[in-house]
Amino acid sequence: MTTERRDPAEGEGAAEESANGPAAQGGSGGISIGVLTGGAVAAGEGAGAEDRSQRVGPVAPPPSASEGPSVPPPAAPGGIGIGVMTGGAVAAGPRATALDASTQLIDASPELLAAVRTLREQLGLLTPGAEISEVDARLAEAEEEIGATGRVRRGSLQWLRERLDFGATAAAGLASAASVVQQITQLLGRQG
């Protein structure tokens, strides 16, 4: 049995091979990874892999050809071959499960925080409704996160941008919504 664990909060990931996995079964199936910079991997019957890490900053670019393999290494029959894995979760084998519940945190600018606060104030001028309440709740979460940590979840920013830039909500028509979208677009553009 081979077991290697790293603290997912450090973005290093975890790797597991169950006692019933390929090593115990003589090499049938399995996972072969050239470079793993985060995530979780499990192989074998009933094995599970979870990545619940919080990654701060941009997604790391894949290594160059001189730093690691450019093509997936060969996997055992019935297995998975991955060249570079920078996050996520992979499991192979009967009843194996994989869960990627990781979060990417982005450093938020003071301009984004100011734009979010202004938009929340202006939402009060609109006719209340489910859509406005949902946008306000998401803005409040982002405002609280930024105020407490100086960071915000990438998924929250993407959700807000979609609702305020492409959505058919009344909030999207506010000038302050355009300012929030502009700040989000700049942050997401810098983060890759």
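The values are calculated or read from the model by the stated rules, or taken from the named source; none is laboratory data. The structure displayed is predicted, hence computed values, not measured ones. Glycine gets a Cβ as well: all are built from the backbone with ideal geometry, and neighbour counts include every protein chain shown. Surface areas here come from the heavy atoms of the whole protein model, side chains and all, with no ligands, DNA or RNA. Shrake-Rupley method; radii C 1.70, N 1.55, O 1.52, S 1.80 Å.
Some observations on this one:
- Of VAL35, VAL56, all but one fail to be modelled with pLDDT of 50 or more, surrounded by fewer than 15 Cβ atoms within 10 Å (Cβ to Cβ) and out of contact with any His (no Cβ under 7 Å at 6 or more places or on another chain); the exception is VAL56.
- Filter result for ALA115 (in contact with a strand residue (DSSP E or B) (Cβ under 9 Å, 6 or more places away or on another chain), open to solvent by less than 90 Å² (accessible area, probe 1.4 Å) and modelled with pLDDT of 80 or more): no
- Restricting attention to the stretch 122-133 and to residues that are in contact (Cβ under 8 Å) with a residue 12 or more places away in the chain and either among the acidic types (Asp, Glu) or part of a helix (DSSP H, G or I) (or both), the residue that is surrounded by the fewest Cβ atoms within 10 Å (Cβ to Cβ) turns out to be GLN122.
- Residue in the stretch 83-104 that is open to solvent by 80 Å² or more (accessible area, probe 1.4 Å) and in a helix (DSSP H, G or I) present: no
- With respect to the conditions (1) aliphatic (A, V, I, L, M); (2) at pLDDT below 95; (3) surrounded by fewer than 15 Cβ atoms within 10 Å (Cβ to Cβ), ALA140 lacks only one, and its number is (2).
- Those residues of the stretch 143-156 which are part of a helix (DSSP H, G or I) and either open to solvent by 60 Å² or more (accessible area, probe 1.4 Å) or over 9 Å from LEU105 (Cβ atoms) (or both), in sequence order: GLU143, GLU144, ILE146, GLY147, ALA148, THR149, GLY155, SER156
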